[in-house]
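The values are calculated or read from the model by the stated rules, or taken from the named source; none is laboratory data. Worth saying up front: this structure is predicted, and the values here are computed from it rather than measured. We place every Cβ from the backbone using ideal geometry, glycine too, and count neighbours over all the protein chains shown. In case anyone asks, the SASA skips ligands and DNA or RNA and just uses the protein heavy atoms, side chains included. Shrake-Rupley method; radii C 1.70, N 1.55, O 1.52, S 1.80 Å.
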Amino acid sequence: MDLRDWQIKLKDKVLDSLKRGFLVALNSPTGSGKTLFSLIVGVELKGKVAYIVRTHNEYYPVYRESKRLGKSFSFLVSKALACPFSTADVNPEDIKCSSCDIFSSIPIKVDDYPFSFLSKLKKEGEDEGFCPYYSLLDSLSNSDVIVLTYPYFFIPRLREALGLDFSQYVVVVDEAHNLDRLNELEERKLNLTIIDRAISQVSNTTVIEILRRLKEEVKKKALPEEKYILVQDYPKLTDDELEIIKEEYEALREKMIKEKRIKQIYLNNIIKFYETEGKVFSYKGSLIKKPITPEKYISILNDPSLSVILMSGTLQSKEFLRNVLGITRQIEYIDTEKEMKKKLSGTIDCILALDVTSAYSLRTKEMWKKYASYILKIFYQAKGYVLAVFPSYSLMNEVMKLVNLPKLVEDEKTSLEDVYKLKEKSIIAAVARGKLSEGIELTKDGKSLISDVVLVGIPYPAVDDYLKLQAEEISKITGQDVKDLLINTTALIAVKQAIGRAIRSVNDKANVWLLDKRYDSIMWKTKINCLNPKKIKL
Ligand code: SF4
């Protein structure tokens, strides 16, 4: 097999580090061939690779490369996706398998693209009377390469339920720049819509009364602001009330499996909100409960019996992995472009605007107008799609309402499919750290269709109650003051991710518009490889 020069040069170094018990952190750009590289290393070292991915989009490349290597492959998706009787949005707990009449698995061999295979398997399962989910689960232990999403590896109870011995695998964590957000895996939300939907699903009048009272209390505590505000005295349920809700939930689970039509049961969102540990915040009209730090989920990476490779095109620094994520093992940090002393990704031309900023003290209507003028100019010179990334929804909405051009403005309901449906050249307005700015891939014949990336301001996270508490907690664990590191690294990764949307292969070329005078600093210009940007004013 033809390998690239960096793959040949660094293979032994990575193998050697893993053998010595180091955690390998591999920072290498999109399109450089990380997937194949990590599989080759994993197969050579242990014969088996567990590939841990953030989204289902990442299943396909692992399947493709496993087949190239002639290795058997399997994968797991949530019960909601694999169960022939459920809709994709249900919580896996809503599905009461113990009452299902096809609760058994058969031996399977994944011989097609994962999602084509899954749809065939679901049909066969229903026709022939076996469970697709448990068949996939059982197939994991017989496959050389397996792919799982983050929850199955990082949430301890889900990992244990798989019954796999991960020390037998090389564990590859893809898109590992997301590890600082692992605590969001068990984030719970409570808002008026969820309570209304729960009310509409139940018939028990006592439960309805409890939910109506809860709704009135949530209304007072869930504030509209787009920042996390700590809520100490959030609405509570008594043990008896929770018990009655659980009984009603059980009855609904039983009814749905009997009818073989399983939909999301909103009572479970309420139960989970109260049963999950964490702090409660108000955020954009919802109450959000979540653990403050990702420590509980990340600690598995410190297990010395596991061989681990963390990979990303925008991996945080070694200092961040140690001091913020709390990785205590020895780390071999490899930046492939630095090792090879050359670029392994496409090229960018940077343009820096000196007369705009998203700094809080200068957020005015005049500033929004200037940003809108820039976007207009950029759009007319762009050869392809324009991706404009904003620090927050509120800033994005202020600016984009002044932009009268073909556009898609992200909101909480926007999906990647909405972007793929765009027919004409458009502006894609996305929020930093959101689904689009970290997930879209618009390519044709291997080339990116995004010609221009616009950074509207610097996407620093809001210094709100959540960030402050997180910095305090991490400092207690690692003994380091990490607030600035947290803020600056979060912004930097968001900027790199946005730029990365336009650079999907070594042949891609894009304009990067840095619309904030604060980018005119050595730190920013060095970190994002924009050393000599063209400087402009309106
Ligand atoms: S098919 Fe039956 S056993 Fe399988 S996930 Fe669905 S409900 Fe559970």
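Values computed for the structure shown
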item: Conditions (1) within 26 Å of residue 284 (Cα to Cα); (2) within 25 Å of the chain's Cα centre (by Cα); (3) free of Cβ contacts under 8 Å to residues at least 60 places away in the same chain; (4) buried (at least 18 other Cβ atoms within 10 Å of the Cβ): number failed by residue 398; result: (2)
item: Subset of the stretch 79-125 that is in contact with a Phe, Trp or Tyr (Cβ under 8 Å, 6 or more places away or on another chain) and over 23 Å from residue 158 (Cα atoms) - its residue that is least open to solvent (accessible area, probe 1.4 Å); result: 124
item: Selected residue (criterion: farthest from the chain's Cα centre (by Cα)) from residues of the stretch 169-201 that are of a type in the set (S, T, N, Q), assigned to a helix (DSSP H, G or I) and surrounded by 14 or more Cβ atoms within 10 Å (Cβ to Cβ); result: 201
item: Single match in 514, 492 (criterion: part of a helix (DSSP H, G or I) and surrounded by 18 or more Cβ atoms within 10 Å (Cβ to Cβ)); result: 492
item: Verdict on residue 260 being more than 21 Å from residue 470 (Cβ to Cβ) and open to solvent by 10 Å² or more (accessible area, probe 1.4 Å); result: yes
item: Selection count where residues are within 16 Å of the ligand (Cβ to nearest atom) and part of a helix (DSSP H, G or I), scope the stretch 64-85; result: 4
item: Complete set of residues in the stretch 301-360 that are more than 25 Å from the chain's Cα centre (by Cα), in a helix (DSSP H, G or I) and exposed (fewer than 15 other Cβ atoms within 10 Å of the Cβ); result: 338, 360
item: Candidate set from the stretch 228-257 (those that are of a type in the set (Ser, Thr, Tyr) and free of Cβ contacts under 8 Å to residues at least 40 places away in the same chain); member that is surrounded by the fewest Cβ atoms within 10 Å (Cβ to Cβ); result: 238
item: Residue identified as in a helix (DSSP H, G or I) and near the ligand (Cβ under 10 Å from one of its atoms) among 139, 135; result: 135
item: For residue 527: the one exception among (1) out of contact with any strand residue (DSSP E or B) (no Cβ under 9 Å at 6 or more places or on another chain); (2) open to solvent by 30 Å² or more (accessible area, probe 1.4 Å); (3) more than 16 Å from residue 27 (Cα to Cα); result: (3)
item: Helices (runs of 4 or more DSSP H) contained entirely in the stretch 202-286, each with at least 2 residues that are farther than 19 Å from residue 186 by Cα; result: 205-221, 239-259
item: Test for residue 61: is it within 16 Å of the ligand (Cβ to nearest atom), in the same structural domain as residue 165 (by TED's automatic domain parsing), in contact (Cβ under 8 Å) with a residue 24 or more places away in the chain and out of contact with any His (no Cβ under 7 Å at 6 or more places or on another chain); result: no
item: Count of residues meeting criterion [assigned to a loop (DSSP other than H, G, I, E, B) and within 12 Å of the ligand (Cβ to nearest atom)] in the stretch 88-105; result: 9
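So that you can scan it fast, the table gives a plain yes or no per residue for (1) closer than 30 Å to residue 136 by Cβ; (2) at pLDDT below 95:
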position	(1), (2)
176	yes, no
180	yes, yes
186	yes, yes
199	no, no
203	no, yes
210	no, no
213	no, no
221	no, no
228	no, no
